[in-house]
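The structure under discussion appears below in the form of structure tokens.
The values are calculated or read from the model by the stated rules, or taken from the named source; none is laboratory data. In this text, all values refer to a predicted model and were calculated from it rather than measured experimentally. Methodologically, a virtual Cβ is constructed for each residue, glycine included, from the backbone with ideal geometry; neighbour enumeration extends over all protein chains shown.
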């Protein structure tokens, strides 16, 4: 018992340091954002306007479009990456031969470690033209009566391009979580399914039921990775203050807004506080998603125990 107490005393300062860093970041963002809240109030989050002016009284800012773009592109990325990650994990663990399995795992790990600027340049010069010519234009030509597809894809820089690029970027991370969880399912479960007469496909469907915690963890990881991405997204989203659900329209995200505007924000009186308010919003969105994910995991654990 004495050794355990000693270990607790040794680790407590580390836990306190991590919590202090977390709280300190929150305090720094909030204190620097206070002038924006005094000047614009909650409208800084509710209005879609960006009017910089040398006279402070003429400055008007609202980052609703950037908040919308961050959440929208992250949701698109999750909707694409989660099915791909689950399918990839099942194929690698159950169906791929050993030589191909190792090659796929190494490739996935290498993709996870690539600098984001590589994805951004590739997205701007390869992915955007491809999506514009072979996805957006056909959908606009044949399905423009659907509101999602009725925006003319002139340049290709859009919510869809950003969402697809983010999906490609986060898939290696999500697949790593899902793959490890799937490979750790006891083999006796698979044998039991076969003993009951299940086919290979049916057995796989049964085993996927045990991946719910891994899927929730993957969604949390993917959302946090996607919503905070800066350089790659700023190169493909169009950087326009649009607030629409149209997939082919250009938009903005909080991260790209901060990256594009922070360099000249010191010229204006309220732009820097507004950018700190935007960072605070990003901080709170990520915290909310993580708390919801933790709650979902705990509910799943309670149901399993019952």
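Being surrounded by fewer than 15 Cβ atoms within 10 Å (Cβ to Cβ), free of Cβ contacts under 8 Å to residues at least 40 places away in the same chain and more than 29 Å from residue 267 (Cβ to Cβ) narrows it down to one of 104, 10, so name that one. Before the answer, list the steps.
On the way: 104 fails: surrounded by fewer than 15 Cβ atoms within 10 Å (Cβ to Cβ).
None of the others qualify; the one that does is 10.
Scan the stretch 19-41 and tell me whether some residue there is at pLDDT 90 or above, loosely packed, with under 13 Cβ neighbours inside 10 Å, over 25 Å from the mean Cα position of the chain (by Cα) and under 19 Å from residue 253 (Cα atoms). Checking the stretch 19-41: not a single residue is at pLDDT 90 or above, loosely packed, with under 13 Cβ neighbours inside 10 Å, over 25 Å from the mean Cα position of the chain (by Cα) and under 19 Å from residue 253 (Cα atoms). Of the residues screened, residue 128 is one that is more than 30 Å from residue 40 (Cα to Cα) and at pLDDT 95 or above. When the stretch 56-96 is limited to residues that are assigned to a helix (DSSP H, G or I) and in contact with a strand residue (DSSP E or B) (Cβ under 9 Å, 6 or more places away or on another chain), the one that is farthest from residue 252 (Cα to Cα) turns out to be 58. Residue 154 meets all of the listed conditions (1) modelled with pLDDT of 90 or more; (2) within 30 Å of residue 243 (Cα to Cα); (3) more than 19 Å from the chain's Cα centre (by Cα) but one, namely (1). Each residue in the stretch 45-84 was checked for being in contact (Cβ under 8 Å) with a residue 40 or more places away in the chain and farther than 20 Å from residue 244 by Cβ, and 8 of them qualify.
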